[in-house]
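Visitor: Submitted below is the structure of interest, expressed as structure tokens.
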Ligand SMILES: Nc1ncnc2c1ncn2[C@@H]1O[C@H](COP(=O)(O)OP(=O)(O)O)[C@@H](O)[C@H]1O
Ligand SMILES: [Mg+2]
């Protein structure tokens, strides 16, 4: 795996004429959105309302059959809602030309759906070609995107069949990003990938999200995945929105027994395992008191989860752990106190500040 | 085989007639079955009735169908072509429909989600991915046309069937053998050629083409 050397500026296409863009914002608003398939007794999506801020990575989480895919497909109008409205920025998506809308929203699915008879180049080039980009620009874009998703440009001439599942999913992601959309819809994109590759893909998605600031709506039924990725989580059950909040809020203040059960709020160790060291540091950062003692020698990497941190604290008997990334850079310290406060909600969370 | 060598140009003329008849039938058949197949796939409830009707037509004995068409179209090539086109529909439509419906749903979902219009999806995705099945149907329909086409000589449509009928009437075995070999040669060559295209198309959709 190569880490990407792409600079953020190269990945946006600012030179594009914007007059034919139907989407000018990354903000998504759903209001009372309902979809009832005639063959089912209850609606697949039932009066769901929420707002996703531009640039947020929001995870739709819930058990299989709870309406995640249906909700996602209404945002690029693969399904039309029976009731309610969806806006992107100030535009009601019903008023936008449907194919224009879809070309400006990236879409990646679990089965990837690469076109088997086309090379990787052709697959990625689909939307840019629909938008009438010239060949040279598409070539540059393809090379950049492959680098971004960690594949060598030699893959451009290959066919999907010649790639592993994880590699195909990377191409799927590159294809979704091809025309530099402001919004990405991802439906369980990593569910069919093996555990090791799934973790890599998750980290890479986070890196890409930090670089590109796309609004990402990410569907999953995997609680760990949701907590690893999400800025905010929407919990769905039987087509209804049960809770919408940051991972910390959801763990600390589960709306009901269903959510508590789902995220395992009753189990402290399980709760800790849902957060990584980095997220604790970020929570602490809002308080600006980083007592940093040189005496701490036990170190931990930022991406480790807090359950590991706890066991390291217990094993070493140290008061605090020194957070050091794999390049040796220090990120601060975490203590027993911090873990306790995270679990029992004594941090002023960034979400709490917004309210 | 002495008949073949002494009547070389006559046999070749009949061979040419047979080939021409087959090509005309193939052309018209495809012109009908491609849109018909698309219609059947888009309008689901048509599937059962259309394929049943084509199935029934396919089971009518060829001699009776030719004779049934006599009062309407008289003798000659025209009623022969109509009958052969009717026969070819079952094999063509059935294969084409299977090809179209077996295109991976995830692939079509992705194509729709990326904003390809239905025409773009058809041309760039569905048609190429269903092509091997269409070609397989075309090959079967062509072979069946070549075979049944021999009977068309009975209503004065010409072709290699002429040798067979004349041979039977005059008990000229040499003529029957010549006719049979010529028909087989045409069928085998056609099979080989169409098979080649079919394999190519198959490699292309599997992403293996060089
Ligand atoms: N195209 C459809 N036709 C009829 N029912 C559907 C369709 N798609 C989904 N459903 C039903 O809607 C409900 C929600 O499905 P879905 O959105 O796929 O759930 P999830 O993605 O959360 O697993 C399920 O009960 C499913 O059977
Ligand atoms: Mg789903």
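Visitor: Per-residue ellipticity at 222 nm for the protein assembly as shown, helices alone: DSSP H runs ≥ 4 residues times -39500 (n - 2.57), over residue total, nearest 500 deg cm²/dmol?
Guide: Rounded to the nearest 500, the figure is -16500 deg cm²/dmol.
Visitor: Take every residue in peptide A:124-134, count the Cβ atoms of other chains within 10 Å of its Cβ, and give the average of those counts.
Guide: Average per residue, whole number: 2.
Visitor: How shielded is B:105-111 by partner chains, expressed as the average number of their Cβ atoms within 10 Å of its Cβ atoms?
Guide: For this peptide, the per-residue mean of nearby foreign Cβ atoms is 6.
Visitor: Given the C-alpha centroids of the range B:160-196 and the range B:24-51, what is the distance between them in whole angstrom?
Guide: Result: 31 Å between the Cα centres.
Visitor: For the range A:126-232, divide the Cα radius of gyration by the Kirkwood radius and give the resulting Rg/Rh value with two decimals.
Guide: 0.96
Visitor: Now a separate question. Please work out the Cα center distance from the range A:129-197 to the range A:47-117, rounded to the nearest Å.
Guide: That distance is 20 Å.
Visitor: Sticking with this structure for a sec: Of all beta bridges DSSP finds with both residues in the range A:28-266, what is the antiparallel percent, to the nearest 5?
Guide: 45 percent
Visitor: List the extent of the Cα atoms of the protein assembly as shown along each of their three principal axes, largest first, rounded to whole Å.
Guide: 113, 48, 48
Visitor: Per 5 Å bin, what is the whole-percent P(r) computed from every C-alpha pair distance within the range A:76-177?
Guide: Calculated over all Cα pairs of the range A:76-177, the distribution is 2, 12, 22, 21, 15, 12, 9, 6, 2, 0 percent.
Visitor: Something else about it: Translational diffusion coefficient of the range A:28-266 at 4 °C, 1.567 mPa s, Stokes-Einstein with Kirkwood Rh over Cα pairs, in µm²/s as a whole number.
Guide: Translational diffusion coefficient: 70 µm²/s.
Visitor: Still on this structure: If you build the Cα gyration tensor of chain B and take the root of 5 times each eigenvalue, what three semi-axes come out, in whole angstrom, biggest first?
Guide: 38, 21, 11
Values in this text are rule-based calculations from the coordinates and carry no lab data. Predicted, not measured: the structure shown is a model, and the values here were computed from it. Quick reminder, even Gly has a Cβ in these numbers, built from the backbone with ideal geometry, and neighbours come from all protein chains shown.
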